[in-house]
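Remarks on the structure that follows.
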Amino acid sequence: EAKLRGKACTVVFDHAMYTQALRLLQVETDLRRAIEREELCVFYQPIVSLLTGALTGFEALVRWRHPQWGLVSPGEFIPLAEETGLILSLGRWVLHQACDQMRRWQRTLPGTDQLSISVNLSGRQLLQPHLLEQVGEILTDTSLDPQFLRLEITESVLGDYDEAVTILKKLKDLGVDSCIDDFGTGHSSLSRLHRFPIDRLKIDQSFVSQVEHDRESGEIIRTIMSLAQSLHMDVTAEGVETRAQRQLLQSLDCQYAQGFLFSRPLPSAEMEALIQHLPHW
Ligand code: C2E
Ligand code: MG
Ligand code: MG
Ligand code: MG
């Protein structure tokens, strides 16, 4: 993959690369304007207790309603946002939006006052200066109690281990818990995991989706469960689509789950309707 690093580095473009570069530039320009044009929106997906079947909160997942391409999933534009630094303003917007929505629901919908909101944070967001002030400001501004916010961080940030630990500790002091997302796919050092100030692991959906078909995925989930138990961490399984997957996770004492079996991520209005007529999970 060729990167433009000024004149010192000569890159020979062929036509395909030229087209690709132009396309990326267009996407970047569009993405830059997406926030101002109010094209971004946040979807919400329920996180359910496997012990009681009760709704415990939501994960906030960003979407882009592009005027030409329609609904664009984050997998398509988050990597570019990270590369260009746009993730900082985008992430701040999502965080504010999600906290504000959670607080509104807590205020207006019966039975939601103890529900929490999980927000994804990229490594670059976590390590930005003034993250703590930003989170504090947003919590104050939206009047959301810090105990109802949880930040999701992927294993890759464990690379910048010492710095990440320091920031996560400060967030915890603020009352905000964190969890490791997509656990099992990165290369986190297990020996360091116990010093990480987090209280939850999220099992990556690739293991959950394979659990009925291959032995290995089941063994990996079992291993993560016992690791979490010895570290006194809770576990959320993501990507739960079938009753069989749910039953297996329950039998392994996995505490929380999220997936199409319960609900797809929904726009706030649709989620609101669901909260008001909660199905029996
Ligand atoms: P993630 O945090 O691991 O989020 C879970 C993904 O799994 C979501 O994809 C969700 O829609 C999908 N999912 C949930 N249940 C099921 C299921 O039962 N089956 C299947 N096949 N998929 C399921 P989505 O919304 O496309 O998001 C993809 C990734 O983009 C997220 O993975 C997260 O890493 C990133 N992302 C999303 N929103 C944000 C954000 O606001 N900021 C940052 N930094 N990253 C975000
Ligand atoms: Mg997540
Ligand atoms: Mg995840
Ligand atoms: Mg995932």
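The values are calculated or read from the model by the stated rules, or taken from the named source; none is laboratory data. Everything numeric here is computed off the predicted structure, so don't read it as measured data. All Cβ positions, even for glycine, are placed from backbone atoms using ideal geometry, and neighbour counts span all protein chains on display. Keep in mind that these areas ignore ligands, DNA and RNA; they rest on the heavy atoms of the full protein, side chains included. Shrake-Rupley method; radii C 1.70, N 1.55, O 1.52, S 1.80 Å.
I'm checking my understanding of the structure. Among residues of segment 164-192 that are among the hydroxyl-bearing types (Ser, Thr, Tyr) and assigned to a helix (DSSP H, G or I), which one is surrounded by the most Cβ atoms within 10 Å (Cβ to Cβ)? Among those residues, the one meeting the criterion is 166. In the set (1) modelled with pLDDT under 95; (2) surrounded by fewer than 17 Cβ atoms within 10 Å (Cβ to Cβ); (3) within 12 Å of ligand 1 (Cβ to nearest atom), the condition left unmet by residue 214 is number (3). Only residues that are surrounded by fewer than 18 Cβ atoms within 10 Å (Cβ to Cβ) and either within 15 Å of ligand 3 (Cβ to nearest atom) or within 21 Å of residue 108 (Cα to Cα) (or both): list them for segment 251-263, please. Listed by number, the list holds a single entry, 260.
Taking residues in segment 231-260 that are of a type in the set (Asp, Glu), and partners anywhere that are in a loop (DSSP other than H, G, I, E, B) and open to solvent by 10 Å² or more (accessible area, probe 1.4 Å), the pairs with Cβ atoms closer than 8 Å and at least 6 places apart or on different chains are 234/199; 234/255; 238/204; 241/260; 241/261.
Checking each residue in segment 22-76 for being crowded, with 19+ Cβ neighbours inside 10 Å and among the aromatic types (Phe, Trp, Tyr) picks out 43, 44, 58, 64.
Taken over segment 96-111, the residue count meeting the criterion of being part of a helix (DSSP H, G or I) and in contact (Cβ under 8 Å) with a residue 40 or more places away in the chain is 10.
Of all the criteria given as (1) under 26 Å from residue 172 (Cβ atoms); (2) loosely packed, with under 14 Cβ neighbours inside 10 Å, the one not satisfied by residue 85 is (1).
Quickly run through segment 182-199 and pick out the residues that are of a type in the set (D, E, K, R) and either over 15 Å from residue 157 (Cβ atoms) or more than 16 Å from ligand 3 (Cβ to nearest atom) (or both). Before you say what the answer is, go through the steps one by one.
Step one: of segment 182-199, the residues of a type in the set (D, E, K, R) are 182, 192, 195, 199.
Of everything in segment 182-199, those that are of a type in the set (D, E, K, R) and either over 15 Å from residue 157 (Cβ atoms) or more than 16 Å from ligand 3 (Cβ to nearest atom) (or both) turn out to be 192, 195, 199.
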